[in-house]
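Only one structure is covered here, and it is reproduced in the block below.
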Amino acid sequence: MKLDVDVARKLGAFRIDAQLSCEGGLLALFGPSGAGKTSLVNLIAGLLRPDRGRVAIDADVLFDSKFGIDVPVHRRRIGYVFQEPRLLPHLSVRHNLLYGRWFCPASARYTRFAEIVELLGIAPLLKRRPALLSGGEKQRVAIGRALLASPRVLLMDEPLTSLDAARKEEIYPYVERLRYEAKVPIVYVSHSIEDVMRLATTVAFIENGRITACGPVDDVLSRPDPSHPRPAAGAVFDAVVVGHDEEFALSALAFPGGELRVPRLDLPKGSAIRVRIPARDVVLAIAPPVGLSTLNVFRGEITELTAGEGAIAEARIRLEGAYLLAHVTRKSIAALDLAPGREVFALVKSIAFDSRSVGGRRTEFIRPAPAG
């Protein structure tokens, strides 16, 4: 299914004017607080009415100001997971889950109760009431309830914001699995680069109510920003664990640009994971480095160089099959004569990697069986 959105809405002195398209996978709607992320998903869901525009899922138009179309919220078949789980306290987990099925005609249901329970690992919770669940367990149940409504689009509005670090790590694997096994587009609102790196297949930057960049997460995050360097900028790519060095507690990861050595990961060989290399952790040299402690050195070529008015610039480096982004000073650009087309060596310290730089194990994409 494909979600197409082109909407505008004035909210006091603030204005949303945004366009995006999402087809399969997980689109992270990423931006600072107050950028308009939640307002945009509420316009998609029908909780806010656009002043003008159009919202459609495939050929089914949910809103069109030109033709006076405005499908009621309960008939849009859009799943919504809020920041807070909003479970019904007087119902068991099982009945909270089944409540979602009321919002979809039996003939249109494609999810099965047992499959959703297995997907989210909530079988031991079915007889409990919400008051006896942890924060992470409540959010898994809320996700399950939304999925059991057999939605055509799933909206997730910062569902991990209220969780502490331990509970986030508990729920990340389930959302990662959902990214590949759900058969509908997922729009995931976040202001956390960790969420985007771990979960997104596509990312859309939103600032002051407008989408400023949208595309595959590995491309958008490694693309220089002509206006100013971004603290969240860096390269994101999928990698595979190819070995472990037990003597020195290191792991080797194969990625399209070569092989990375990182602190030992508790994952078996063959595990598919996602890795982020922040631009601030990449150092450039114009000659093969010698006598350095850095283990990760990649030969590449500068393809883009963006310098603003401040001290820091962004350089995009093409490796054999991937891109890195580096923050360098404008003084270094002048001293090293850096320019597009220049061959460089990109250095990445192994100790730059931590739990926020390496995502969890990825699962294969499996479509749910049809209802029956």
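Projected over all directions and averaged, the alpha-carbon convex hull of segment 138-188 occupies 3.3 nm².
Normalised radius of gyration (Cα atoms, divided by 2.2 N^0.38 Å) for segment 234-352: 1.10. Given a Förster distance of 51 Å, report the FRET efficiency between ARG330 and ASP4 from their Cβ-Cβ distance, rounded to the nearest 0.05. FRET efficiency, ARG330 to ASP4: 0.80. Computed over the Cα atoms of segment 75-191, what is the ratio Rg over Rh, Rh following Kirkwood? Rounded to two decimals, Rg/Rh equals 0.93. P(r) tail for segment 5-114: Cα pairs beyond 23 Å make up 39% of the total.
The modelled label-to-label distance for the pair ARG94/THR303, using points 7 Å beyond Cα in the direction of Cβ, is 5.4 nm. Here the spin labels are modelled as points 7 Å beyond Cα on the Cα-Cβ line, and at GLU259 and ALA285 they lie 1.9 nm apart. Pairwise Cα distances in the chain exceed 27 Å for 53 percent of all pairs.
I need the peptides 261-272, 86-97 ranked by packing, meaning the mean over residues of other C-beta atoms within 10 angstrom, with the highest value on top.
Numbers: 261-272: 14.2, 86-97: 16.3.
Ranked by mean Cβ neighbours within 10 Å, highest first: 86-97, 261-272.
Quote to one decimal, in nm, the extra length available between GLU84 and PHE67 on full extension: 0.36 nm per residue of separation minus the C-alpha distance between them.
Values: separation 17, 0.36 × 17 = 6.12 nm, distance 3.52 nm.
Working it through step by step, the gained length comes to 2.6 nm.
Computed from label points 7 Å out along Cα-Cβ, the spacing between THR294 and LYS349 is 1.1 nm. When the listed pairs LYS37/LYS127; LYS10/LYS183; LYS66/LYS183; LYS10/LYS66; LYS10/LYS37 are checked against a 24 Å cut-off, the alpha-carbon distance exceeds it for LYS37/LYS127; LYS10/LYS183; LYS66/LYS183.
Relative contact order of segment 234-352, taken over Cα pairs closer than 8 Å and 6 or more residues apart, is 29 percent.
Looking at segment 63-148, which chymotrypsin sites (Phe, Trp or Tyr not before Pro) are DSSP coil and have at most 13 other C-beta atoms within 10 Å of their C-beta? Write down the numbers at each step before the final one.
Values: sites: PHE63, PHE67, TYR80, PHE82, TYR99, TRP102, PHE103, TYR110, PHE113; in loops: PHE67, PHE82, TYR110.
Taking segment 63-148 and a limit of 13 other Cβ atoms within 10 Å, the loop chymotrypsin sites (Phe, Trp or Tyr not before Pro) found are PHE67.
So if each residue of separation counts as 0.36 nm, and I subtract the Cα-Cα distance between LYS183 and ALA131, what length gain in nm does that give?
Numbers: separation 52, 0.36 × 52 = 18.72 nm, distance 3.10 nm.
Taking 0.36 nm per residue and subtracting the Cα distance, the gain is 15.6 nm.
Convex hull volume of the Cα atoms of segment 61-109, normalised per residue: 102 Å³. From its DSSP helices (H runs of at least four residues, each -39,500 (n - 2.57)), the chain gives a residue-normalised ellipticity at 222 nm of -5500 deg cm²/dmol. Label reach from ASN208 (point 7 Å along Cα→C-beta): in segment 2-32, amide nitrogens under 18 Å belong to 8-19, 30-32. Percent of Cα pairs in segment 2-221 per distance bin of 5 Å, from zero to the largest separation: 1, 7, 15, 19, 20, 17, 12, 7, 2, 0.
The numbers here are math on the coordinates, done by the rules we state, and not lab data. Please read all numbers here as calculations on a predicted model, not as lab measurements. Every residue, glycine as well, gets a Cβ built from its backbone with ideal geometry; the counts of neighbours run over all protein chains shown.
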